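Peer 1: This is the structure, below, for whatever I ask next.
The values are calculated or read from the model by the stated rules, or taken from the named source; none is laboratory data. No experiment lies behind these values; they were computed from the predicted model shown. With ideal geometry, Cβ positions are generated from the backbone for all residues, glycine too; neighbour counts draw on all protein chains shown.
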Amino acid sequence: MIGFEHNHVELERVLSSAKDKKNRYTKGKLKWYIEEQLNLDGSYLVSDKERLTPLEIKKRQSTAGNTTNEKRRLGTLETLKATIDNLLVDNKKVTQKLVSCESGYSIVTVKRYWSDLKTHIKK
C-alpha cells in the first residue's frame, strides 16, 4: 500500500488483527492508528462526505428514472419515425402492423405511439 513501504510488517500485523473477529477495528480506529502510531496519512480510509437521506435518495432515483424513461421514449419514437420514412420511400402503405414488423417493436408499442406517428406520416 502507498506509504507503507517501510512499515509493511507493522501494517500486516495491524491489518491481520483487524480481520480477527474479536478485534472490531473500524476505519476510524485504523485511521487513528496509521496517523498517530505510523505517522502516515490515513485520510483515504474515512470519507468526509455527508450521507444522503432516504428521501433525497428516492428523489434522485426518481429523477434519474424519469430521465432514462424520456430518453428511451424518444429513441423508440425516432426509430418508428425512421421506419415510417423507409416505408414511404418504398411507396408502401403505412400501417401499424407493417411498422411493427419493419421496426421490430411490438404492435402494442406501435399503437402506443401511433397518435404521435400520424402527424409524422402527414408531413
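Peer 1: Search the range 31-82 for residues being over 30 Å from TYR105 (Cα atoms) and small (Gly, Ala, Ser), and hand back the single one that is surrounded by the most Cβ atoms within 10 Å (Cβ to Cβ).
Peer 2: It comes out as GLY42.
Peer 1: Out of the residues in the range 83-123 that are surrounded by 10 or more Cβ atoms within 10 Å (Cβ to Cβ) and part of a loop (DSSP other than H, G, I, E, B), which is nearest to the chain's Cα centre (by Cα)?
Peer 2: Result: TYR105.
Peer 1: Output yes when any residue across the range 57-79 is within 30 Å of LYS29 (Cβ to Cβ) and either of a type in the set (Lys, Arg) or not assigned by TED's automatic domain parsing to the domain that holds LYS31 (or both), and no when none is.
Peer 2: Yes, the range 57-79 contains at least one residue that is within 30 Å of LYS29 (Cβ to Cβ) and either of a type in the set (Lys, Arg) or not assigned by TED's automatic domain parsing to the domain that holds LYS31 (or both).
Peer 1: Same structure, new question: Condition first: touching a residue at least 24 places away in the same chain (Cβ under 8 Å) and of a type outside the set (S, T, N, Q). Now tell me which residues in the range 58-84 satisfy that.
Peer 2: Listed by number, the residues that qualify are LEU77, LEU80, LYS81, ILE84.
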